[in-house]
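Taken together, the values in this text are just the output of simple stated rules run on the coordinates, not laboratory data. In this text, all values refer to a predicted model and were calculated from it rather than measured experimentally. Here the Cβ is made from the backbone with ideal geometry for all residues, glycine too, and neighbour counts use every protein chain on show.
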Amino acid sequence: MSQTTHPSSPNTRILFVKRPDGWPDASCFQTEACPEPECGAQDVVVQALWLSLDPYLRGRMNAGTSYAPGFVLGKPIVSRVVARVIASRNDRYREGDYVWGFLDWALRMVVPRGEGLYRIDPALGRPSLAISALGMPGLTAWVGAIELGKPTPGDTVYISSAAGTIGQLAGQFAKQTGARVIGSVGSDDKRDFVVKHCGYDAAFNYKTRNMDEALQELAPNGIDVYLDNVGGTTLEAALRHANVGARFPICGMISRYNETTDPGIRGMQLMVSKRIRMTGYIINDHVHKLPAYQQRAAQWFRSGAMQFHEDIVHGIEQAPAALIGMMQGEAMGKRLVQVAAA
C-alpha cells in the first residue's frame, strides 16, 4: 500500500463563496491554493482527472435543499469526479486505480476510509465515461427514453436539449426501438451534430425557428414521447403537439433554474384532454440499475454503434466559467473539465 505522494504542481481548489440571485457569475466562486492531503489510516488520496459539470449543480447553489444538499458557503464545490489513486492505506484501493465519486473540486484530496469511491473497470472504455455516457447521465437518458418513454416502432420521440449529455444518448436509444426521433437545439452546429452523429431523423434550432411551426413540420402526426430537461415554453409546445396517451418523462427544467420567479407552465389542461402521462424522475432512485446499464451500453460505444461527444475544458481554474457557459448553452455534448493528464 502506497502512503506518500509526489505532486508536480501546487494543490488548488474551487470554493463556493456567494449564492447567486438569478444567473451565477464569477463572483460566486473563489480559486485558492490549499494544503496537500495527508493519507491517514484506511484513507485514500486521489488525483482528480475530470470534473463533471451538470445542470443540477445550479440548484445546489441555492439555500436549502432541492433533491441534493445545497453547497456550503466557503466550502469546495462538489460534483462527480473521475480520479486516480495516488496513495492508499486502504486494502480496497491500490495506487493507480481509477475511481469516481462525489468529490471536491480540487486537484488532490484525501477520501477518508475510501468511502463513496467507486472503482472504474478499464474494460468499459476511457475512464471519463464513468461520469458521462456510462455513468449516471447515461443512465438518466436510458431510464427516460426507454423505461419511462416506452417508445415503440413508428412512434415519434421528441427530445429537447438534443445535443446535450442526455439528449445525444436518449435519441440513439430511442432510435434502437424503431421510433422516429426529432430534437430541438440551440445552434445550427448542434442541429447538424445530432442528425449526422446521433442518428436523429431531424432537429431544429429553437433560437431561429418558431417552435410550433417546427414541430408541425417535423412531427406532422404528433408527439408520442417527449423527454424534457428544459421545461418552460419548450414543454408548453410539446403539450400542444402531443398525441393522446403521450408519455412525458421529465428529468430537468434548465430554462427555469436561474429564474427568480416561477411563471408556471401554460396548457397543463391538455394533460387531461390528451391523457398524457407526465413522470418526473431523479436518477438517484435508479442507481441500482447502473451496473447492468454499463454492461449493456459499453459494447455499443466500443463497437462504434453509438456515438458520444465530450466537451472538454482544460484547467481547474477554468471550471467556474465552464459551468456558467454550460448553463448558458455553449457546450455541445457532455461538458467536463480536465484538470490533470489521465
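Miscellaneous remarks
- The calculated FRET efficiency for the pair Thr152 and Ala33, based on their C-beta separation and a Förster distance of 51 Å, comes to about 0.35.
- DSSP beta bridge pairing in the chain, given as percent antiparallel to the nearest 5: 55
- Between the stretch 46-78 and the stretch 269-314, the alpha-carbon centres lie 21 Å apart.
- In terms of its alpha-carbon gyration tensor, the stretch 177-220 comes out oblate; a/c meets the 1.5 threshold, while b/c is at least as large as a/b.
- Mean-square fluctuations from a GNM of the chain, with a 10 angstrom spring cutoff on Cα atoms, peak among Ala305, Ala219, Ala321 at Ala305.
- Value of [θ]222 nm, deg cm²/dmol, for the chain, DSSP H segments ≥ 4, -39500 (n - 2.57) each, nearest 500: -6000 deg cm²/dmol
- The distance between label points at Thr208 and Phe102 comes to 4.0 nm (points 7 Å beyond Cα on the Cα→Cβ vector).
- Integer Hz, Karplus 6.51/-1.76/1.60 couplings in order for the stretch 297-305, x for Gly and Pro: 7, 4, 5, 5, 6, 4, 7, x, 5
- The stretch 136-284: radius of gyration over Cα atoms, expressed as a fraction of 2.2 N^0.38 Å: 0.94
- Length released on extending from Met268 to Gln42, taking residue separation times 0.36 nm less the Cα-Cα span: 76.0 nm
- 0 to 90° range, to nearest 10: angle between helix 188-197 axis and the chain longest Cα axis: 90
- Two-site label geometry, Tyr118 and Arg277: point separation in nm, points 7 Å out along Cα→Cβ: 2.7
- Pair Gln299, Trp23: separation of 7 Å Cα→Cβ label points (nm): 4.6
- Extension gain, Glu330 to Gln176, is 52.6 nm, computed as 0.36 nm per intervening residue step minus the present C-alpha separation.
- For the chain, lysine pairs separated by 8 or more sequence positions, or belonging to different chains, with Cα-Cα distances below 18 Å total 8.
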